[in-house]
Amino acid sequence: MNTIRRKLLDSMFKIRCAEEKIVEVYAKEQMMRTPTHLSIGQEAVAAGLSLALREEDQIFTGHRCHAAYLTKGGDFNAFFAELCGRVTGISGGRAGSAHLTDPSAHIYSSPILGAMIPVAVGAALSFKMEGRDKVAAAIFGDAAIEEGVFSESVNFAVTKKLPVLFLCENNLYSTHSPLSVRQPPSQVYERLRAPDFKTSQVDGNDAQCVYEHLSKVIEEIRRAHMPQLVECLTYRFREHVGPLFDYDRGYRSKEEVDGWMAQCPIKRFTAKLIQEKSMTQQEIDATQARWKKLADEAYVMALNSPWPGPESLLEKVY
Amino acid sequence: MDRRISYAQAISEALVQGMEHDPNVFIFGLGVDDYKGIFGTTREAFLKFGGTRVFDTPASENALTGIAIGAALNKKRPVLVHARNDFMFLALDQMINNAAKWKYTYAGKSTVPIVVRGIIGKGWGQGPTHSQSLQSVLAHFPGLIVAMPANACDVKGIILQSLKSDAPVVILEHRSLYDLQCHVPPERFTVPFGRARIARAGTDVTVAAVSWMAVQALKAADELSKVGISVEVIDPVTVQPLDEQTIVRSVRKTGRLIAADTSWLRCSFASEVAAIAAEKAFDYLKSPVKRIAWPECPCPVSKALEEEFYPTHEDIVRAVYELMDRKDKHVFTEKVTDTFVGPY
Ligand SMILES: Cc1ncc(C[n+]2csc(CCOP(=O)(O)OP(=O)(O)O)c2C)c(N)n1
Ligand SMILES: [Mg+2]
């Protein structure tokens, strides 16, 4: 159990430190010219999911993809280089922040809402056809379920009995729009439950809960070849896209943001680790310091990397 | 009196005036009522008319379009807004299989006058899925009006025309135009569909350029005037219907044509203009037609590649030199400078 906890904490710090580095340089240095959706405050979801999945399981996600990419085994330095548009980036600088995709890390992203949900179903279809016991996980926000393609994908996956985890990362907002103007008042997971479709909800800011619940669900999916949906309740601290806080913009209150920041998944988890004497404060600080240093180094390395050459513009179109 | 307002302000003003004039007009779409108000274009309407006539929606582009059609069928005048026109890809079924065919198929007994606004993104790493420009997709299908106004005055007039029209209208608004100002009459006025604007008169070369490229063409014309080349810039304003006559008349006069687009070459507006010239002004052409459009690849994020990707006024100047058979190199007085401070 203790190794699991250490891994969860390490994963969350990896995301947090990488993204705090983005916050530090994004507007000031103008070197990351790519609209960037931060997961600060939502780290427990990706950390728990990636640890609950096997290495060869695949993740398909959307615009807010940093956390899943970094925890699924994506390359840390290539991540920074991608944001800086350099040739050493994940896609050589072509894809930017919202399309983080690396088949060797089994992670795929696209920022068109819902676009990757059926792709996850297709991956699961191939796993089933090949008789593999792999699982495909689609991660999406609370707005993506409003797209028709979500319902179509669930229907297909249930009908064909496919090993798909539908993971809804519910942070209560779509850009600046609260759930209440977009969906009925019922809970997402209850509304989406059906006789043939098991759904559940978990505290998305409790890394261990997320991990334990998803581990159980994923093994059920793997064994029974039936898709399930898990709703993770969480909250984004910063603006929808970009590095700033935005509680002065009128769509959500400072009290609401502060309330959720008090529920910060890292704060909660470290408090628990200390209380249960799983880790000391020094060990925790050392974990954070290590990722902070790696983030600083990765950014410098990115800036020292070459730009993609103009001659490469037309390569790999077909 | 010269009253200069920006493109974004002109959109806002047109929507407010249209809503004042016709209580059936309403605006909906993702984020139309938020504090940013689609780059400031729907904010005033929301503050003035409130949440029953300007309202937020779920992210359901195809359904929203069908919902607009159903409302329009019953005398409403919906304006559906997409923060990027790329999101219209999800709505093409309703736009093309339903809206575009409605009046004709049902013999004109009912009409579905919806207005769909979509913004074309550019620069600062908008990337492959947030920078596209859908005019050739949309203009291909009879029954949809496709407007791409290139200045504040035209966008206001086009919106007000759309709110009077019987036909479904798509307005593609280039984000780079949003801060550009020009004189815009304060009153409610319309700009007709299918009438090109001669943005600058000239005698040596015709540049037919759409949206952001019309701005680039004017810049190129300035440069070229300094070396004694006179460029006529034609901005079609609407891509469908397309004012063939104005283009043909200009090409017959100048004998040279460049068509500049904000999208890819294949099956494009630029190709359409070239075809029209070949059919209707062939004998007047002194040199082959040139098309300026995007290179044959998706738009990459990296600044290094993005700069390579987008054509600018410099490409138009170079193309004109070629058509005029000038072997010397142009000395640009104005360089392409990116003063934009991100994020987008
Ligand atoms: C088809 C489509 N429509 C609209 C958008 C614009 N958009 C990007 S992110 C976003 C909000 C998504 O909210 P949610 O799914 O809850 O994810 P979150 O940003 O909260 O993580 C919207 C509307 C888009 N990218 N694609
Ligand atoms: Mg959300």
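Counting only DSSP beta bridges with both residues in chain B, the antiparallel share comes to about 20 percent. With both labels modelled 7 Å from their Cα along Cα-to-Cβ, the residue A:104 to residue A:3 distance reads 2.5 nm. Among rounded, prolate and oblate, which fits chain A when a ≥ b ≥ c are the square roots of the eigenvalues of its C-alpha gyration tensor, a/c under 1.5 means rounded, and a/b larger than b/c means prolate? It is rounded, given that a/c, with a ≥ b ≥ c, falls under 1.5. Of the residues A:318, A:173, the one with the fewest other Cβ atoms within 10 Å heads the list, and the complete ranking is A:318, A:173. Computed from the C-beta positions of residue B:226 and residue B:141, the FRET efficiency with R₀ = 51 Å rounds to 0.75. Computed extension gain for residue A:196 through residue A:54, at 0.36 nm per residue and net of the alpha carbon distance, reaches 48.6 nm. Here the range B:4-183 carries DSSP beta bridges of which approximately 15% are antiparallel, counting only pairs with both residues inside. Here B:244, B:307 are placed in order of increasing Cβ neighbour count within 10 Å, fewest first, which gives B:307, B:244. The H on the amide N of residue B:232, modeled in the peptide plane, is under 5 Å from the matching H of B:202, B:203, B:204, B:205, B:206, B:207, each at least 5 residues off or on a different chain.
Counting only other chains, and only Cβ atoms inside 10 Å, what mean value do you get across the residues of A:276-283? Show your work: numbers first, answer last.
Values: counts 0, 0, 0, 0, 0, 0, 0, 0.
Average per residue, whole number: 0.
Look at A:156, B:28 and count the other Cβ atoms within 10 Å of each Cβ; fewest to most, that gives A:156, B:28. Ordering A:22, A:166, A:299 by the projection of their Cα atoms onto the charge dipole of the range A:2-312, which places +1 on the Cβ of Lys and Arg and -1 on the Cβ of Asp and Glu, puts A:166 at the extreme positive end. Of the GluC sites (Glu not before Pro) in the range A:69-150, the ones in a loop by DSSP (not H, G, I, E or B) with at most 13 other beta carbons within 10 Å are A:130. Spin-label model, residue A:282/residue A:212: points 7 Å from Cα along the beta carbon direction are separated by 3.0 nm. Which of rounded, prolate or oblate describes the range A:272-318 when judged by the alpha-carbon gyration tensor and an a/c cut-off of 1.5? Verdict is oblate for the range A:272-318. Short-range pairs are left out: with C-alpha atoms under 8 Å and at least six residues apart, the relative contact order of chain B is 15 percent. When the Gaussian network model of chain B links Cα atoms closer than 10 Å, the mean-square fluctuations of B:166, B:34, B:328 top out at B:328.
Subtracting the Cα-Cα distance of residue A:304 and residue A:183 from 0.36 nm times their residue separation leaves 38.9 nm of extension gain. Among the trypsin sites (Lys or Arg not before Pro) in the range A:1-78, those located in a DSSP loop and surrounded by at most 15 other Cβ atoms within 10 Å of their own Cβ are A:54. Of all the options B:291, B:318, B:77, the one that moves most in a Gaussian network model of chain B with Cα springs shorter than 10 angstrom is B:318. Projecting the Cα atoms of A:109, A:197, B:105 onto the charge dipole of the protein assembly as shown, computed from C-beta unit charges around the Cα centre, puts B:105 farthest toward the positive end. Working from label points 7 Å from Cα in the Cα-to-Cβ sense, the residue B:334 to residue B:267 distance is 3.5 nm.
Nearest 500 deg cm²/dmol is fine: what mean residue ellipticity at 222 nm does chain B get from its DSSP H runs of n ≥ 4 alone, each adding -39,500 (n - 2.57), divided by its residue count? Walk me through the intermediate numbers first.
On the way: 12 runs with 116 residues, N = 344.
So the calculated ellipticity at 222 nm is -10000 deg cm²/dmol.
Note on the range B:54-68 and the range B:20-40: Cα centroid distance 13 Å, given to the nearest whole angstrom.
Peptide A:90-96 has a mean shielding of 6, counted as Cβ atoms of other protein chains within 10 Å of each residue's Cβ. Ranked by the mean number of other Cβ atoms within 10 Å of their residues, highest first, the peptides B:223-232, A:35-44, B:203-212 fall in the order B:203-212, A:35-44, B:223-232. May I ask you to derive the FRET efficiency for residue B:110 and residue B:52 from their Cβ-Cβ distance with R0 = 22 Å, giving the value to the nearest 0.05? After rounding to 0.05, the efficiency reads 0.35. Other residues whose C-beta falls under 11 angstrom from the C-beta of residue A:85 contribute a net charge of +1, scoring Lys and Arg +1 and Asp and Glu -1.
If both residues of a DSSP beta bridge must be in chain A, then about 15% of such bridges are antiparallel.
Loop-located trypsin sites (Lys or Arg not before Pro) in the range A:222-318 (DSSP state not H, G, I, E or B) with no more than 15 neighbouring Cβ atoms inside 10 Å: A:277, A:316.
Each Lys or Arg adds one and each Asp or Glu subtracts one; over the other residues with Cβ under 9 Å from the Cβ of residue A:19, this totals +1.
Computed per residue of chain A from DSSP H runs no shorter than four, each worth -39500 (n - 2.57), the mean residue ellipticity at 222 nm is -14500 deg cm²/dmol.
Laboratory data are not the source of any read-out in this text; all were calculated from the coordinates shown. As the structure is a prediction and not an experimental result, all values here were calculated from the model. Note that we place each Cβ from the backbone using ideal geometry, even for glycine, and neighbour counts take in every protein chain shown.
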